[in-house]
Amino acid sequence: VSAEFAAPQHCLFRWFREQRPAGAGEEAGEAWVETAAAERVFTPSNALVGLRLKLRCTPGDEEQRYGPACEVESSGPVEAGPGACTFDSRHLYTKKVCGHGSVRAVSYNILADTYAQTEFSRTVLYPYCAPYALEIDYRQNLLKKELAGYSADLICLQEVDKSVFLDSLAPALDAFGLEGLFRIKEKQHEGLATFYRRDKFSLLSQHDITFSEALLSEPLHKELCEQLTKYPLVQEKVLQRSSVLQVSVLQSTTDPSRQLCVANTHLYWHPKGGNIRLIQIAVAMSHIKHVACDLYPSIPIIFCGDFNSTPSSGTYSFISSGGIAEDHEDWVSNGEEERCSMSLSHPFKLLSACGEPAYTNYVGGFHGCLDYIFIDRNALEVEQVIPLPSHEEITTHQALPSVSHPSDHIALI
């Protein structure tokens, strides 16, 4: 909904369904029948499968002034959903928004359409997935259903297509009280999105960076940049990547003295790219330190993302221990000719809030734990982790994505 001189939260919404065709000998009644729903979001029941819907919206403002109503009819009938989804049982834990003093955070790589719909994806990566279930319209309906049901305060997404953010996720989550921020990866047409609950947080400032640009231009990373010039092959690879880091500083709406630094990233994907990821995460930690130690002294951090790193990797070890030695095996992840040894450190005490699940990514040829929500253990503690779907649910259709799961990753909550 976009409105002029009005706001969606003040508009009036009325939903109608088509009348079922009259049987023989019955009189045809009114074409449209009003449903009981009078909210901005309406989820049709199975009884409405096969019928079209109509929405009547009366624009309004905060002074309860109203304009002429507008109507829109659905282009097609309500279709049957996929039945049981992998996230249905998780929603039982997240029916309500959590109380004050608590924050529910979600991190999720939602699988960009750019990667899902290639010939390679259909035939090699996800041959087990029904082609219709890889289509973006199908997946984004599942995604909206999944994300809305988590009643989250913070949602950090990776692999978000720009059009999916603008036309689908942002308006849908807006209706559930979440404000969205988007940062694109210039070369890929996909990027990162951070959503925050409007009545809990307001946005103080944004500090997004592209790793390669920051490394070259920000004095903060001068030392690392100088060390990297000794390893031209690695330097070139790091500078070619368009990976980004999204950093948002949020403030509590009820207690402005309470602030939070929320970071979101998606590191380089290649299995042998451990050394590249170490450089990227070093830049990320320096930048977060600048925001959470210099600009906003001692503000707690939540760092979400797809780190493309298992718990046994150098990247995970660096984040959780605060340092990495120059003889770590990940410095030679792509062989001796691409070795780049350096010792790195950061000042934070970070904990993986969801621990180390067996896997957060499950495709035909690979499964492993690649996604994390790292929290500042000095300032935050874990109250509850929403259990991941069971192995049986994940493998019902062999692997992910599937008709009942929209991505090849699993959301952490």
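The values are calculated or read from the model by the stated rules, or taken from the named source; none is laboratory data. Just so we're clear, the structure is a prediction, and the values are computed from it rather than from any experiment. Note that we place each Cβ from the backbone using ideal geometry, even for glycine, and neighbour counts take in every protein chain shown. Quick note on the areas: whole protein, heavy atoms, side chains included, nothing else; ligands and nucleic acids left out. Shrake-Rupley method; radii C 1.70, N 1.55, O 1.52, S 1.80 Å.
For the stretch 12-78 versus the stretch 272-291, the spacing of their alpha-carbon centroids is 51 Å. Applying the criteria of a DSSP loop state and at most 12 other Cβ atoms within 10 Å to the chymotrypsin sites (Phe, Trp or Tyr not before Pro) of the stretch 1-104 yields 5.
Normalised by the number of residues in the stretch 8-73, the average gap of Cα pairs under 8 Å and 6 or more apart makes the relative contact order 41 percent. If you run the Gaussian network model on the chain, springs between alpha carbon atoms under 10 Å, then out of 252, 45, 286 the most flexible one is 45. Under 26 Å of direct C-alpha separation, and excluding same-chain neighbours fewer than eight residues apart, residue 96 reaches these lysines: 144, 145, 200. Matching the structure-derived P(r) over Cα pairs in 20 Å bins from 0, in percent against the labelled list [x] 24, 53, 19, 3, 0; [y] 24, 46, 25, 4, 0; [z] 21, 43, 29, 7, 0 gives the label [x].
Just want to confirm a number: the relative contact order over the chain, from Cα pairs under 8 angstrom separated by 6+ residues, in percent. Mind showing how you got there, number by number?
Numbers: 795 pairs, mean separation 63.6, N = 413.
Once normalised by length, the contact order is 15 percent.
For residue 95, the aspartates and glutamates whose Cα comes closer than 20 Å to its Cα, not counting residues fewer than 8 places off in the same chain, are 39, 146, 153, 174, 179, 199, 383.
Helix-only arithmetic for the chain: the sum of -39500 (n - 2.57) across DSSP H runs with n ≥ 4, divided by the residue total, places the mean residue ellipticity at 222 nm at -5500 deg cm²/dmol.
Taking a ≥ b ≥ c as the square roots of the Cα gyration tensor eigenvalues, with a/c under 1.5 meaning rounded and otherwise prolate when a/b beats b/c, else oblate, which class fits the stretch 25-163? Cα axes put the stretch 25-163 in the oblate bin. Could you tell me which of the pairs 162/187; 54/162; 289/349; 237/289 are separated by over 20 angstrom between their Cα atoms in the structure shown? Among 162/187; 54/162; 289/349; 237/289, the Cα-Cα distance tops 20 Å for 54/162; 237/289. P(r) tail, the stretch 144-286: Cα-Cα pairs separated by more than 25 Å, 35% of all pairs.
At most 14 other Cβ atoms within 10 Å and a DSSP loop assignment: could you name the chymotrypsin sites (Phe, Trp or Tyr not before Pro) in the stretch 205-272 that fit?
Of the chymotrypsin sites (Phe, Trp or Tyr not before Pro), the ones in loops of the stretch 205-272 whose Cβ has at most 14 other Cβ atoms within 10 Å are 269.
Per residue, the accessible area of the stretch 8-73 comes to 70 Å² when a 1.4 Å probe rolls over the protein heavy atoms.
Please go through the stretch 70-158 and write out the trypsin sites (Lys or Arg not before Pro) that DSSP classes as loop and that have at most 11 other C-beta atoms within 10 Å.
Sites meeting the loop and neighbour criteria: 95, 96.
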